[in-house]
Amino acid sequence: QVQLVESGGGLVQPGGSLRLSCAASGSIFRIYVMGWYRQAPGKQRELVAAVTRGGNINYADSVKGRFTISRDNAQNTVSLQMNSLKPEDTAVYYCNAEGVVAPMAASYDYWGQGTQVTVSS
């Protein structure tokens, strides 16, 4: 069983900053990709940022230059530093990890419970 535990959401004014963190625990052998998705009310879940085990990073166009993703492979953690936040960044943010529980096992997607980020004055 694999768990992803997120922390760091909250309420912030436009232009402010927040840092989200996520730690994976349980019987995970190797995590290939870790990332953050978000879902605003009435909208589909969308990728915010993701980083591979080798360090390749992908950002949504809407957050480029404002958000920074980082990862610690040894600790199985991923963080998202969010600067210059806008009201349109308001959403529930979900941590995601794609990995395997054993060598040669099938890869699965694992999700955190979500953390609310609200950008409002």
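The values are calculated or read from the model by the stated rules, or taken from the named source; none is laboratory data. All values derive from a computational prediction rather than experimental measurement. Don't worry about glycine lacking a Cβ; one is built from the backbone with ideal geometry, like all the others, and counts go over all protein chains shown. Areas reflect the complete protein model, heavy atoms only, side chains present, ligands, DNA and RNA absent. Shrake-Rupley method; radii C 1.70, N 1.55, O 1.52, S 1.80 Å.
Here are some notes:
- Being open to solvent by less than 30 Å² (accessible area, probe 1.4 Å), aliphatic (A, V, I, L, M) and more than 13 Å from Thr118 (Cα to Cα) is true of Ala97.
- Single condition Ala40 does not satisfy, out of (1) open to solvent by 30 Å² or more (accessible area, probe 1.4 Å); (2) free of Cβ contacts under 8 Å to residues at least 60 places away in the same chain: (1)
- Considering the conditions (1) among the charged types (D, E, K, R); (2) open to solvent by 50 Å² or more (accessible area, probe 1.4 Å); (3) within 21 Å of Leu11 (Cα to Cα), Arg66 is excluded by exactly one of them, (2).
- Among the candidates Asn76, Asn56, residue that is on the phi > 0 side of the Ramachandran plot and free of Cβ contacts under 8 Å to residues at least 60 places away in the same chain: Asn76
- Meets criteria (at pLDDT below 95 and aliphatic (A, V, I, L, M)) for Val100: yes
- Residue satisfying condition, being closer than 22 Å to Glu88 by Cα and in contact (Cβ under 8 Å) with a residue 60 or more places away in the chain, within set Ser27, Ser17: Ser17
- Evaluated against (1) more than 17 Å from Glu6 (Cβ to Cβ); (2) open to solvent by 70 Å² or more (accessible area, probe 1.4 Å), Gln75 falls short on exactly one condition, (1).
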